[in-house]
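The values are calculated or read from the model by the stated rules, or taken from the named source; none is laboratory data. Treat the numbers as computed from the prediction; the structure is a model and nothing was measured. FYI the Cβ positions are ideal-geometry reconstructions off the backbone, even for glycines, and counts take in every protein chain you see. Accessible surface areas use protein heavy atoms only, side chains included; no ligands, DNA or RNA. Shrake-Rupley method; radii C 1.70, N 1.55, O 1.52, S 1.80 Å.
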Amino acid sequence: MPARADSSGPSRRNLLLGGAAAGAGAAALVGGDALLRAAGGGEPAAAPEPPFGGRTVAFHGRHQAGIATPPQAHARFIALDLEGGTDRGAVRRLLRLLSDDAARLTAGEAALADTEPELAHDPAGLTVTFGFGRGLVERVDPAAVPEWLGPLPEFGRDRLSERWCGGDLLLQVCADDPVSVSHAARMLTKDSRAFARVRWVQEGFRRARGAQPAGATMRNLMGQVDGTTNPAPGTPDFADLVWHRGGGGAGAAWLRHGSALVVRRIAMDLDEWDRLDRPGREEAVGRRLSDGAPLTGGGEHDEPDFEAVGALGFPVIPEYAHIRRARSADPAERIFRRAYNYEDTEGAGLVFAAFQADVTRQFVPIQRRLDELDLLNEWVTAIGSAVFAVPPGCGPDGFVGETLFA
Amino acid sequence: MARPHPALPLAAAFLAAGAALTGCGAGAAAGSGGGAAPEASPSAQAAAITVEDAWVKAVPAEDGMTALFGVLVNDSGQEARLVAAATGVAGTVELHEVVTGDDGNPVMRPKEDGFVIGANGRHALEPGADHIMLMELGEDLEPGQEVEVELEFADGSTTEVTAPVKDFAGGEESYEGGGSHGGGHDHGGAEGADGAEDHG
């Protein structure tokens, strides 16, 4: 899986060497400066870990990066609308330009005609992931539009605003450094403006790189551990749920090894949430706030016991709890969440980004159940929604989206 | 100026060859992207030169001129000298340098002796510095399109570079004798005695 090769090469190697050197140093150099420094609580003898800015994630591969890639700390989602004159040939030119930019920038190299090449030099795990809205696919090949590509079915609880919906082309730009995100987004947007205009931009953040052990489940701004049941990248379960197999209609072969992305802007009413006490908060979700473990006990990753009842005979995990409502008896009705927090002058919430092979079979039934009943609905409201087809990755001589032109 | 300017007659000669080979549709031809394919014998200068990160600034045909940028890389122990270039998309191609004009502003003008790429050296072609000027454009150069440009060296050997066209706001230096890249601004003041001397 080249695309998710998380090539932390130099950093990891240096870290290991640094660790070995530290061990040797501690054994050989006990005395003199080392002892003095240790006694004084000064700098440790170990070589410092190199800055993570140099870390790169491979752009080329079977799958696009930025999906199975462990989520970086910062994200920007940019939705573009194609101009009226951007025909099939122009879309192809646009995608070639953007793929070339992404390939260079994610490798820590300046893009062609990059006016700030120095800003490209520390990519900090930069990934650029492309998603195609219905409008783009129709522009290139109307017969290739998957059934699920377009607005989601209406949900009663949604309060969608046009300014956060739709888009012909999505750029998901992620890195562990916001400057890397900014520069890549700037370069990609500059190379898009002859073809398209920006429809919406959503910024997202998670914990800073290194703030928590790798692999820790994120917390959203309501304080909840969010994403515990995600399928694990690299497993057959993940592959089945996330990667498109090219089936599902004659025109869908171009999506093989690709995926589908749902981006929902979910506003949180944190002022109302403040009024709820801790037990109430835990019952709304069905998990402990402290560690994300189900209310029926165990650790974060232990299965909830939906049959368990309390002393009064009521379910320990209430009927309206989020994790009960989100769960389906059908194991195929699952998605891979790669969400980010947002906060701006208008409020706070979640840029909910979820990958799956088939939106209609996976996301929609989950959301229908949550729309019908989920106590969390008291505090969270979807105000934006967009669906994108995510093409497979490409090789060094190709471009993302080339299969659509085959 | 004892020597005649070498670039213009050679460019004209190559224009004819380029037009015959590529017609006017060079921009639509798919290239391998940036690498130069040597066509001459291994000892030729062209065989030693590759062009890294080549690109051309996008302009509408009515602007009339644009430029090719990139890095000329010499992999041999011998100096190479680029003396001319030609492409199917432009009627005239010149090798330009940018110097400070009489009014203190940068102006571009043909580079008398071409671009020298030292042994195992690199020569950057950049906005605001040396570049290959494409003039008398016959078509819009649109972002993402590819342009093929033939480079000719002092020993007569040639190589071809394929460059994508990119949207770019800079590279607006005025041209001695009038005109500029892309924007069509004519800063005027630069076209005095300096230009006459240069072409004399």
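Over both sides of the B-A contact, add up the buried accessible area with a 1.4 Å probe and give it to the nearest 100 Å².
Details: alone 8600 and 18740 Å², together 26240 Å².
Accessible area lost upon association: around 1100 Å².
Cut-off under 23 Å on the C-alpha distance; same-chain residues fewer than 8 positions from B:Lys166 excluded. Which lysines are left, in chain and number order?
Qualifying lysines at Cα under 23 Å: A:Lys190, B:Lys57.
Per residue, how big is the convex hull of the range B:45-179 when only Cα atoms are used? Give it in Å³. Walk me through the numbers before you get to the answer.
Details: hull volume 13.2 nm³, N = 135.
Hull volume normalised by residue count: 98 Å³.
Just which residues of the range A:57-98 lose 30 Å² or more accessible area with every protein chain there, against their chain alone, with the probe set to 1.4 Å?
A:Arg93, A:Arg96, A:Leu97
Find, among the trypsin sites (Lys or Arg not before Pro) in the range A:231-277, those assigned to loop by DSSP (not H, G, I, E, B) with at most 13 other beta-carbon atoms within 10 angstrom.
On the way: sites: A:Arg245, A:Arg256, A:Arg264, A:Arg265, A:Arg275; in loops: A:Arg245, A:Arg256, A:Arg275.
Those that pass, being in a loop and sparsely packed, are A:Arg275.
On alpha carbon coordinates alone, what is the Rg over Rh value for the range A:212-279, Rh being the Kirkwood radius?
Working: Rg = 17.8 Å, Rh = 15.6 Å.
On the Cα set of the range A:212-279, Rg over Rh gives 1.14.
I need the phi-derived Karplus couplings for the range A:72-85: 6.51 cos²θ - 1.76 cosθ + 1.60, θ = phi - 60°, integer Hz, Gly and Pro marked x.
After applying 6.51 cos²θ - 1.76 cosθ + 1.60, I find 6, 6, 10, 9, 10, 9, 10, 9, 10, 10, 5, 5, x, x Hz.
Can you send over the carbon and sulfur percentage of the accessible area for the range B:45-179, probe radius 1.4 Å, protein chains only? Working shown, then result.
Numbers: 1740 of 4260 Å².
Of the solvent-accessible surface of the range B:45-179, carbon and sulfur hold 41 percent.
Once you treat every alpha carbon in chain A as an equal point and sum by Debye, what is log10 I(q)/I(0) at q = 0.10, 0.12 Å⁻¹?
The Cα Debye sum returns log10 ratios of -0.71, -0.98.
Direction-averaged shadow area of the convex hull around the Cα atoms of the range A:147-209, nm²? If you can, show how the numbers build up before the last one.
Working: hull surface 25.1 nm².
Projected over every direction and averaged, the Cα hull of the range A:147-209 covers 6.3 nm².
Under a straight-distance cross-link criterion of Cα-Cα below 17 Å, which aspartates and glutamates are reachable from B:Lys111, leaving out those fewer than 8 residues away in the same chain?
B:Glu94, B:Glu97, B:Glu126, B:Asp130, B:Glu152, B:Glu173, B:Glu176, B:Glu191, B:Asp194, B:Glu197, B:Asp198
Could you please state how large a percent of the accessible area of the range A:74-405 is carbon and sulfur, counting protein chains only and using a 1.4 Å probe? Intermediate values should be presented prior to the final figure.
Values: 6820 of 13820 Å².
Of the solvent-accessible surface of the range A:74-405, carbon and sulfur hold 49 percent.
Leaving out ligands and nucleic acids, and using a 1.4 Å probe, what accessible area per residue does chain A come to in Å²?
Numbers: 18190 Å² over 406 residues.
Ligands and nucleic acids excluded, the result is 45 Å² per residue.
Per DSSP H run of at least 4 residues, take -39500 (n - 2.57); add these up for chain A, divide by its residues and hand me the 222 nm value, nearest 500 deg cm²/dmol.
Working: 10 runs with 103 residues, N = 406.
The helix contribution divided over chain A gives -7500 deg cm²/dmol.
Using a loss threshold of 40 Å², tell me which positions in the range A:99-120 are less accessible in the complex than in their chain alone. Probe radius 1.4 Å, ligands and nucleic acids ignored.
A:Leu112, A:Ala113
Could you tell me the calculated FRET efficiency between A:Glu343 and A:Glu319, based on Cβ-Cβ distance and R0 = 30 angstrom, to the nearest 0.05?
On the way: r = 32 Å, r/R0 = 1.06.
So the FRET efficiency works out to roughly 0.40.
Considering the Cα positions of the range A:332-390, please state its Rg to one decimal place and its Dmax as a whole number of Å.
Here Rg and the maximum Cα pair distance are 12.5, 38 Å.
Spelling out what I want: for every residue of the range B:128-143, take phi, set θ = phi - 60°, compute 6.51 cos²θ - 1.76 cosθ + 1.60 (Karplus), and round to whole Hz; glycine and proline get x.
Those phi angles translate into x, 9, 4, 7, 9, 8, 9, 10, 6, 5, x, 7, 4, 9, 9, x Hz.
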